[in-house]
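The values are calculated or read from the model by the stated rules, or taken from the named source; none is laboratory data. Fair warning: this is a prediction, and the values are worked out from it, not measured in the lab. Here the Cβ positions follow ideal geometry from the backbone for every residue, glycine too, while neighbour counts run over all protein chains shown. Note: accessible area is taken over every heavy atom of the protein model, side chains too, but ligands, DNA and RNA are not part of it. Shrake-Rupley method; radii C 1.70, N 1.55, O 1.52, S 1.80 Å.
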Amino acid sequence: MSQMPQPTALSRCPSCEEPLEAADRFCGACGYDLSAVPAPPDDHPTIAMNGVPPGLAPAAPSVDWPVAPEVDSSDVPAPVHRATDIRGTDSGGSELPRQQDPHGVPASVRPSAAKRPDGQPSGVRFDRPSEPDEYPLAPPAGEAGTAETRPGDGPAPEIPADPRTADLAAPPAGAKLCVACRSGHVDPDGYCENCGHAQPRERDHMEQELGAVAAVSDRGLRHHRNEDAFAISSTALPDGSPAVVAIVCDGVSSATRPDEASLAASTAANESLLAALPLGTHPQQAMHEAIVTAAEAVNALADPSTEQGENAPHVNAPACTIVGAVVTSSLLIVGWVGDSRAYWVPVDRSSPPARLTEDDSWAAQMVAAGLMNEAEAYADERAHAITGWLGADAYELEPHTVSFKPDRPGVVVVCTDGLWNYAEAAGEMAEIVPRDAAERPLHTARVLVGHALDGGGHDNVTVAVMPFPAPSQGAGSA
């Protein structure tokens, strides 16, 4: 709130308190001679400290200053007194002890705690420790605790080590080191105890190689977690010939706990194939049974206490897609549900590549019904709406399985849409597969994942690469 300025109060007569004008020399009421009144001092208000009221401060005791000698007969001026020649006293008149401080100045000339006449401190101290003119900086890495010294300086002060370069205590056995600072170990919550950096989850980036097959999975650049999963293995058929297995699953992001669904499905399908193939089950039948087993594993993740279906539309059970391949010495078997894919890329690039799966998606249905061509269908925003998946809320489980007998060597690329979105056609996929993919499956999987990340990494990316035919050294369970 604004306030109007107030006029300054008039001075008053020292005798009768009558208000006076600035030009008055005598009081108009009592005739007091105002010229005898000393002029008021400048306005320097006195602040009461420690209960001493203004105007009652004790008079300072007189100091017996030494008299400087007069000029002698030679007219040489008297020497100037040094501070050390003067006997110092405190504010109470007591002599100060003549002690040297670290700087070589007698204590008698250093400011000390002010005292009242009763000997009690006045509440204001002036004898705080002196501050250095320079503050030492931390030494370079590897020289912690050392400092440059000059003759006569005495021992150098101990300088604390730079926490960014200091040697930390060895982490306990089994503890993980931080991926950022490479020195602190990670706490149970997944954060570095040294720099606080959040550590990547175990599934953010995964790689595995078994000689005859390799797989890589990456979170991508946009998702906060990796909802893909894979499982690779090798075993032997009853005749001793090798069989190599790769399973890739993509969690449905709109469902609950998609990462758990993909992991459960890939693990269950892989274990089912490893159990059936050595018993002589036909690989195509074994693949069908593996997908059914995977679906049961995902169904088991649904909350049994919550009603599913039309009565609970808000409930969305865990779900995922699946694609798998089995490579033997003469057969290539592929099975899938959803829109994860498998591609065939021959070693001889003069032969055409091929896509081995058909998506369970809205776009594929439009193309199959002749309502759109493939380019139009996949350009639609509804293209990736899947019509088949594994999960308790799936309409009907329809595993797709096919069997091939390639007449030449090549590689099978099993992947989620996180890759094929950046190389959809078989020819585009073949262009990004390295020429030596059959000899270097892990390198090839890394290259393909890198292609997706370079393209934007909008989704999780998972790729498995399987040479065909399966090499004989790949036999044996793993």
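List of remarks:
- Remark: region 432-438, residue by residue, has Karplus-estimated 3J(HN,Hα) of 9, 7, x, 5, 9, 4, 5 Hz, where x stands for each Gly or Pro and the curve is 6.51 cos²θ - 1.76 cosθ + 1.60 at θ = phi - 60°.
- Leu177, Leu34, ranked by accessible area, largest first (probe 1.4 Å): Leu177, Leu34
- Put simply, when 269-279, 456-466 are sorted by average Cβ atoms within 10 angstrom per residue, most first, you get 456-466, 269-279.
- Annotation: amide H of Val347 within the under-5 Å range of Gly410, Val411, sequence separation 5 or more or interchain, hydrogens built in the peptide plane.
- Cβ-based net charge around Pro471, under 14 Å, with every Lys or Arg adding one and every Asp or Glu removing one: -1
- Accessible area (Å², 1.4 Å probe, nearest 10) - His282: 100 Å²
- 3J(HN,Hα) couplings calculated from phi for region 452-457 with the Karplus curve 6.51 cos²θ - 1.76 cosθ + 1.60 (θ = phi - 60°) are, in sequence order, 5, 5, 5, x, x, x Hz; Gly and Pro show x.
- Global geometry of region 180-227, whether rounded, prolate or oblate, following the gyration tensor of its Cα atoms and the 1.5 cut on a/c: prolate
- Shape category assigned to region 346-398 from the gyration tensor of Cα positions, a/c cut at 1.5: oblate
- When all protein chains stay in place and ligands, DNA and RNA are ignored, the 1.4 Å accessible-area order of Lys176, Lys405, largest first, is Lys405, Lys176.
- Cα gyration tensor shape for region 415-478, rounded if a/c is under 1.5, else prolate or oblate: prolate
- Solvent-accessible area per residue for region 347-478 (1.4 angstrom probe, square angstrom): 48 Å²
- Taking each residue as 0.36 nm, the span from Ser254 to Asn373 lengthens on full extension beyond its C-alpha to C-alpha distance by 40.1 nm.
- Scoring 427-435, 323-331 by mean Cβ neighbours within 10 Å over their residues and listing the highest first yields 323-331, 427-435.
- Peptides 380-389, 417-426, ordered by how many other C-beta atoms sit within 10 Å of their residues on average, highest first, read 417-426, 380-389.
- Region 261-302 and region 403-419 have their alpha-carbon centroids 20 Å apart.
- Extension gain, Gln365 back to Arg25 (0.36 nm per residue minus Cα-Cα distance, nm): 111.1 nm
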